[in-house]
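Q: Following this message is one structure expressed as C-alpha cells.
The values are calculated or read from the model by the stated rules, or taken from the named source; none is laboratory data. Keep in mind that what you see is a predicted model, and the values were worked out from it rather than measured. Here the Cβ positions follow ideal geometry from the backbone for every residue, glycine too, while neighbour counts run over all protein chains shown. For the accessible areas, the whole protein counts, side chains as well, though only heavy atoms, and no ligand, DNA or RNA atoms are used. Shrake-Rupley method; radii C 1.70, N 1.55, O 1.52, S 1.80 Å.
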Amino acid sequence: MTDDTQLHDILIKRIAAAGRITFASFMEACLYEPGLGYYTSPGRKVGAEGDFYTSISVHAAFGRVIARETAQMWRCLGSPATFTLVECGAGNGRLACDIMDYLAEREPEMYAGLDLVLVEREPSLQAAQAELLARHRERLRWLPPEIFGTDGFSFSGCLYSNELIDALPVHRVVMTPEGLREIYVTLRDGGFAEEMGALSTPAIAAYLERIKVTLLPGQQAEVNLAAPEWLAAAARSLQRGFVLTIDYGYPAEELYAPQRKQGTLLCYYRHQVEDDPYVRLGRQDITSHVDFTSLMRRGEELGLEPVWFGEQCRFLLSAGIVEEIEESERSTASEKEKLKVRLALKKLIMPEGGMGDTFRVLIQARGVESPRLLCQRRIGG
Ligand SMILES: C[S@@+](CC[C@H](N)C(=O)[O-])C[C@H]1O[C@@H](n2cnc3c(N)ncnc32)[C@H](O)[C@@H]1O
C-alpha cells in the first residue's frame, strides 16, 4: 500500500465515522498526519528538488539580510548580553544557518550571547538541522512546538518565520443567500465530495468581523484560525523584542476582495500549481495566502505593535540585499557563478514572476520604544 492510499483510507474511515469533517481537518491530515502528511513523511524536499522554492533556497543573501535586521533589533534592545533568536517552522535549518553564519562573521559580540531556538513540528528534521548547524552547535537548542507559548518558555529577542503561516490548515467558507456557510469534506460514491453547512465554530464569523470583511454572494474564502492562535502563543512567550513574519499574502481588503471569488487555496506538486486538494494526498503541498491584517489586529490586542509591513522586495532592498549580493559576486571567481548570483537577486526582488511583491514582511514589537530598523530606511538612503 502506498502512503497515498494509506492516507486516503485513513481519511475515508475518519469521514465515514463523523459524516463529514471541516476542510481544515482534511488539510491538517494531508500536511501533518504522522508519517504520511506532506510535511511529516520521510524524504520531503523543499527547493529545487522539491515541489516549491522558498526564498531561502534561492540564495544565502536572503538569510544574511534577515541577519542584518536581527543585529539591528539587538541594538534597538540596547545590545543585551543575551539575545534569543527563535525560528518557527525551521524546516531543514537552512535559513537559521545563513543567519548564524552572518552573525558569527559580522556581529561577534551579539553572536557570543546568542541563543538560537528552533521550533519545528516535524521532529525528524532535527537531524538535518543539527548537521547543517554543526558549527553553531553551542548556540543551538530545540523547543517542541507544544511548549512554545506556555509558561515553560519565554524569551527576549526576535521570533522569525518564513512560510510558516501559509502552511497552517484553513477553514473554507462561502457566502450564500442564507448567510455565511462552511465547506465540509464528505463522502459521495466512495470518493471525497464537498458540502456546505453551518459554521463549525463561531470563531470563523468573529475572525471576519474583526477585520470588517463581508463576502459577496457566491464568494469563497479561507479563514486561517490557526494563524492568530499561533501569534497568541508567540505573544505569551515574547517578553521583549520582535516578531518577524515572512510569507506570501495580502492585507485583508486585497485578500478578500470581490474579484478573488474562489479564495487563494492552491496545491503545489513538482513546481506546478494544481487546484485539486483531493488528489495526491500527502504528496502535494496545500497552502493559502496569508491575511496580514488579521495578524496585525490580533497582534495589537496581544500587545504587539506593528512596526513595519510591506513587500519583501522593499524589505530586502532597504535592509541591504544589494550589498550582500555585491559581496557574494566579489567572492565568486567564475562568470557563470556571478550570473547565478545576479539571477538570484532578480528572483528575490522582482515583482513580476519573482518573489518580490507577493511575499510580504511584517514586523511587530513588544516593549521597544520607537525602534529604528534597517527596513525603515529609504531605499538607497
Ligand atoms: C512551508 S514549510 C517552510 C519551511 C522553511 N521555513 C522554508 O521557508 O523553507 C513550513 C514548515 O513549518 C512547519 N510547521 C507547521 N506548523 C508548525 C508549528 N505550529 N510550529 C512549528 N513548525 C510548524 C512544517 O512542519 C514545515 O516544516
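Q: Kindly indicate whether any position in segment 236-252 is touching a helix residue (DSSP H, G or I) at 6+ places or on another chain (Cβ under 6 Å), within 19 Å of Val174 (Cα to Cα) and part of a helix (DSSP H, G or I).
A: Yes, segment 236-252 contains at least one residue that is touching a helix residue (DSSP H, G or I) at 6+ places or on another chain (Cβ under 6 Å), within 19 Å of Val174 (Cα to Cα) and part of a helix (DSSP H, G or I).
Q: Could you grab the pairs with beta carbons closer than 7 Å, sequence gap of 6+ or different chains, first residue in segment 168-195 and farther than 28 Å from Asp9 by Cβ and without any contact (Cβ under 8 Å) to a residue 40 or more places away in the chain, second one part of a strand (DSSP E or B) and hydrophobic (A, V, I, L, M, F, W, C)?
A: Leu180/Val173; Arg181/Val173; Arg181/Val174; Arg181/Met196
Q: List every residue pair whose Cβ atoms sit under 7 Å apart, with the two residues 6 or more apart in sequence or on different chains, where the first one lies in segment 140-167 and is open to solvent by 40 Å² or more (accessible area, probe 1.4 Å) and the second, anywhere, is within 11 Å of the ligand (Cβ to nearest atom) and not aliphatic (A, V, I, L, M).
A: Pro145/Arg121
Q: Residue check: is Arg94 touching a residue at least 12 places away in the same chain (Cβ under 8 Å), open to solvent by 40 Å² or more (accessible area, probe 1.4 Å) and more than 24 Å from Val322 (Cβ to Cβ)?
A: no
Q: So, one more: Which of the residues that make up segment 181-191 are open to solvent by 40 Å² or more (accessible area, probe 1.4 Å) and either in contact with a strand residue (DSSP E or B) (Cβ under 6 Å, 6 or more places away or on another chain) or within 15 Å of the ligand (Cβ to nearest atom) (or both)?
A: Arg181
Q: What's the number of the only condition in (1) within 23 Å of Tyr38 (Cβ to Cβ); (2) surrounded by 15 or more Cβ atoms within 10 Å (Cβ to Cβ); (3) at pLDDT below 95 that Ile246 fails to meet?
A: Among (1) within 23 Å of Tyr38 (Cβ to Cβ); (2) surrounded by 15 or more Cβ atoms within 10 Å (Cβ to Cβ); (3) at pLDDT below 95, the lone unmet condition for Ile246 is (3).
Q: Here's something else I'd like to know. So which of Val307, Val279, Val273 ends up being part of a loop (DSSP other than H, G, I, E, B) and either at pLDDT below 95 or of a type in the set (A, V, I, L, M, F, W, C) (or both)?
A: Matching residue, one of Val307, Val279, Val273: Val279.
Q: Return the residue satisfying two criteria in turn: it lies in segment 56-90 and is open to solvent by less than 20 Å² (accessible area, probe 1.4 Å) and modelled with pLDDT under 95, and of such residues it is nearest to the ligand (Cβ to nearest atom).
A: Of everything passing the filter in segment 56-90, Phe62 is nearest to the ligand (Cβ to nearest atom).
Q: Pick from segment 168-180 the residues that are buried (at least 21 other Cβ atoms within 10 Å of the Cβ) and not in a loop (DSSP other than H, G, I, E, B): which of them is farthest from the ligand (Cβ to nearest atom)? Talk me through it step by step, then tell me what you get.
A: Step one: list which residues in segment 168-180 are buried (at least 21 other Cβ atoms within 10 Å of the Cβ), which gives 168-173.
Narrowing further to those that are not in a loop (DSSP other than H, G, I, E, B): 171-173.
Details: His171: 16, Arg172: 19, Val173: 22 Å.
Checking each candidate, the answer is Val173.
Q: Still on this structure: Select from segment 117-139 the residues that are touching a residue at least 24 places away in the same chain (Cβ under 8 Å), in a helix (DSSP H, G or I), within 11 Å of the ligand (Cβ to nearest atom) and open to solvent by 20 Å² or more (accessible area, probe 1.4 Å) and list them in ascending order.
A: Residues satisfying the conditions are Ser124, Leu125, Ala128.
Q: For segment 80-87, indicate whether the set of residues that are assigned to a helix (DSSP H, G or I) and in contact (Cβ under 8 Å) with a residue 40 or more places away in the chain is non-empty. Even if it seems obvious, please write down each step before you answer.
A: Step one: of segment 80-87, the residues assigned to a helix (DSSP H, G or I) are none.
Checked against the condition, which is being assigned to a helix (DSSP H, G or I) and in contact (Cβ under 8 Å) with a residue 40 or more places away in the chain, segment 80-87 yields no hits at all.
Q: Also, quick follow-up: Residue by residue through segment 243-277, note down the ones that are under 16 Å from the mean Cα position of the chain (by Cα) and of a type outside the set (A, V, I, L, M).
A: Selection gives Thr245, Asp247, Tyr248, Gly249, Tyr250, Pro251, Thr264, Cys267, Tyr268.
Q: Hey, among Arg280, Arg377, Arg360, which residue is surrounded by 13 or more Cβ atoms within 10 Å (Cβ to Cβ), within 30 Å of Tyr39 (Cα to Cα) and more than 21 Å from the chain's Cα centre (by Cα)? Spell out the reasoning first.
A: Numbers: Arg377 fails: within 30 Å of Tyr39 (Cα to Cα); Arg360 fails: more than 21 Å from the chain's Cα centre (by Cα).
The conditions single out Arg280.
Q: Next up: So which of Ser318, Ser294 ends up being over 29 Å from Thr186 (Cβ atoms), assigned to a helix (DSSP H, G or I) and among the small types (Gly, Ala, Ser)?
A: It is Ser318.
Q: Going by the conditions given, is Glu305 open to solvent by 10 Å² or more (accessible area, probe 1.4 Å), touching a residue at least 24 places away in the same chain (Cβ under 8 Å) and within 19 Å of the chain's Cα centre (by Cα)?
A: So Glu305 does not fit the description; no.
Q: Among the residues that make up segment 197-215, is at least one of them aromatic (Phe, Trp, Tyr) and within 25 Å of Ile66 (Cβ to Cβ)?
A: The answer is no, given that none of the residues of segment 197-215 is aromatic (Phe, Trp, Tyr) and within 25 Å of Ile66 (Cβ to Cβ).
Q: For residues in segment 23-35 being open to solvent by 20 Å² or more (accessible area, probe 1.4 Å) and over 17 Å from the mean Cα position of the chain (by Cα), which is farthest from the ligand (Cβ to nearest atom)?
A: Across segment 23-35, the extreme among qualifying residues is Ser25.
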